[in-house]
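> Dropping the structure in here first, questions after.
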């Protein structure tokens, strides 16, 4: 459902030019490796169809999703794209993948056999090997068994060897070098097969992590791929909402559920119609904020969120804001040039990935380029 801005509680704007700029920055860094794009979780909350189309026009040809239905969504938008499904082959669903030309990232001997029997080499797939994250992937013994079975490799249509970094956002973590070395060693078992190890953080670890294909995700959308370090990427999302009401609060009065914040002096409180149903996590409530107080940007000034974040609303302390233009209808910047998804993550004790993928469904979504 398309929500018109005048009827929405808030407007989420996605800057497709910034998104493309972020992709091009990584593509230049990793060249001559191919820079793909991870567009799972509805393009990290930004709209998989719109994101994929913008990146395709910029030159991106390979896309990664988590689920086959996500793959179909991208396929409907991009008939010629290469699309990999990171969650592999769902049992009994080979025909769906074939019908929509989706490439499963196979990570289990039973999956490999099921795909090979269904396709007999007529459709391509990746093979995922585990190098230390201990989630999906063949272990070394299984990878060695597959490498010795040339017929199965052919029947499964394997065209990419991949693994996933556990700690790429922490360049000092020794597991990065360990996974790099394991992947390099296992790659020798599959001569001639293109390889992919680097997610977004991996593209900042150096050329020995690039191989043939990198698959950035959060960095494309403006989130930091560098853990607690500032993001080197352009911000992509901005979120604004009008003030619903400004009210006077007497000294000693509480604000919001549980009165977790009380006014120390006569105060002015602005109410904005965005809450945890819209992705502004309850962990941003006063006084729960991890590195707070959380803030919004109103009329050129920062103002703190006070009281608890509720399902549909936040309350903002605007007593100290200069000027008289803070009133019903005044726009508040919740995300944008002054407040990033990583700020929200820091205030909530989480990561930008969760913030982006939690952005709600009640926004008017606007694309700019």
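The values are calculated or read from the model by the stated rules, or taken from the named source; none is laboratory data. Predicted model, so just to flag it, every value in this text is computed and none were measured. Heads up, the Cβs are rebuilt from the backbone with ideal geometry, glycines too, and the neighbour counts pull from every protein chain shown.
> Is it true that residue 201 is in contact with a helix residue (DSSP H, G or I) (Cβ under 6 Å, 6 or more places away or on another chain) and within 21 Å of residue 40 (Cβ to Cβ)? Break it down stepwise before answering.
On the way: in contact with a helix residue (DSSP H, G or I) (Cβ under 6 Å, 6 or more places away or on another chain): no; within 21 Å of residue 40 (Cβ to Cβ): yes.
When the stated conditions are applied, residue 201 does not pass them.
> Let me ask something additional. Just checking, how many residues over segment 81-103 are at positive phi and buried (at least 20 other Cβ atoms within 10 Å of the Cβ)? First the steps, then the outcome.
Residues of segment 81-103 that are at positive phi, as a first pass: 88, 92, 101.
Right, trim to buried (at least 20 other Cβ atoms within 10 Å of the Cβ) and you get 88.
Residues that pass the stated criteria total 1.
> OK, next. Which one is farthest from residue 368 (Cα to Cα) among residues in segment 3-51 that are part of a loop (DSSP other than H, G, I, E, B) and free of Cβ contacts under 8 Å to residues at least 24 places away in the same chain?
Kept after step one, since they are part of a loop (DSSP other than H, G, I, E, B), are these residues of segment 3-51: 3-4, 8-10, 31-33, 36, 39, 45-47.
Subset that is free of Cβ contacts under 8 Å to residues at least 24 places away in the same chain: 31-32.
Numbers: 31: 28, 32: 30 Å.
Only one residue fits best here, namely 32.
> Now, a different point. If only one of 334, 280 is assigned to a strand (DSSP E or B) and farther than 27 Å from residue 251 by Cβ, which one is it?
Working: 280 fails: assigned to a strand (DSSP E or B).
Answer to the check: 334.
> Further, regarding this structure: Please verify whether residue 348 is touching a helix residue (DSSP H, G or I) at 6+ places or on another chain (Cβ under 6 Å), modelled with pLDDT under 95 and more than 19 Å from residue 241 (Cβ to Cβ), treating the condition exactly as stated. Don't jump to the end; show me each part of the working.
Values: touching a helix residue (DSSP H, G or I) at 6+ places or on another chain (Cβ under 6 Å): yes; modelled with pLDDT under 95: yes; more than 19 Å from residue 241 (Cβ to Cβ): no.
Judged against the criteria, residue 348 is not a match.
> Can you name the residue in segment 15-29 that is touching a helix residue (DSSP H, G or I) at 6+ places or on another chain (Cβ under 7 Å) and surrounded by 20 or more Cβ atoms within 10 Å (Cβ to Cβ) and is also nearest to residue 366 (Cα to Cα) among such residues? Step through it out loud before you land on a result.
As a first pass, look at segment 15-29 and keep what is touching a helix residue (DSSP H, G or I) at 6+ places or on another chain (Cβ under 7 Å): 16, 19-20, 22-24, 26, 29.
This time we only want the ones that are surrounded by 20 or more Cβ atoms within 10 Å (Cβ to Cβ), so: 16, 19-20, 22-23, 26.
Details: 16: 10, 19: 14, 20: 16, 22: 19, 23: 20, 26: 25 Å.
The extreme case among them is 16.
> Can you tell which of 106, 67 is in contact (Cβ under 8 Å) with a residue 12 or more places away in the chain and surrounded by 18 or more Cβ atoms within 10 Å (Cβ to Cβ)? It would help to see each step written out before you state the result.
Values: 67 fails: surrounded by 18 or more Cβ atoms within 10 Å (Cβ to Cβ).
Every option except 106 fails the conditions.
Residues checked against (1) crowded, with 22+ Cβ neighbours inside 10 Å; (2) in a helix (DSSP H, G or I):
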| residue | (1), (2) |
| --- | --- |
| 112 | yes, yes |
| 116 | yes, yes |
| 123 | no, no |
| 128 | yes, no |
| 132 | no, no |
| 135 | no, no |
| 141 | no, yes |
| 144 | no, yes |
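> Hey, can you tell me all the residues within segment 1-14 that are within 15 Å of residue 244 (Cβ to Cβ) and either surrounded by 20 or more Cβ atoms within 10 Å (Cβ to Cβ) or at pLDDT 95 or above (or both)? Don't jump to the end; show me each part of the working.
Filtering segment 1-14 down to residues within 15 Å of residue 244 (Cβ to Cβ) leaves 6-11.
Those that are within 15 Å of residue 244 (Cβ to Cβ) and either surrounded by 20 or more Cβ atoms within 10 Å (Cβ to Cβ) or at pLDDT 95 or above (or both): 9, 10, 11.
> Let me ask another. Could you count how many residues in segment 245-261 are part of a strand (DSSP E or B) and surrounded by 15 or more Cβ atoms within 10 Å (Cβ to Cβ)?
Initial filter on segment 245-261 (part of a strand (DSSP E or B)): 245-249, 254-255, 261.
Narrowing the set further to residues that are surrounded by 15 or more Cβ atoms within 10 Å (Cβ to Cβ) leaves 246, 249, 255, 261.
Going through segment 245-261 one residue at a time, the tally reaches 4.
> May I pose another question? From the list 325, 361, which one is under 18 Å from the mean Cα position of the chain (by Cα), part of a loop (DSSP other than H, G, I, E, B) and more than 29 Å from residue 226 (Cβ to Cβ)?
Details: 325 fails: under 18 Å from the mean Cα position of the chain (by Cα).
None of the other options fit; the residue is 361.
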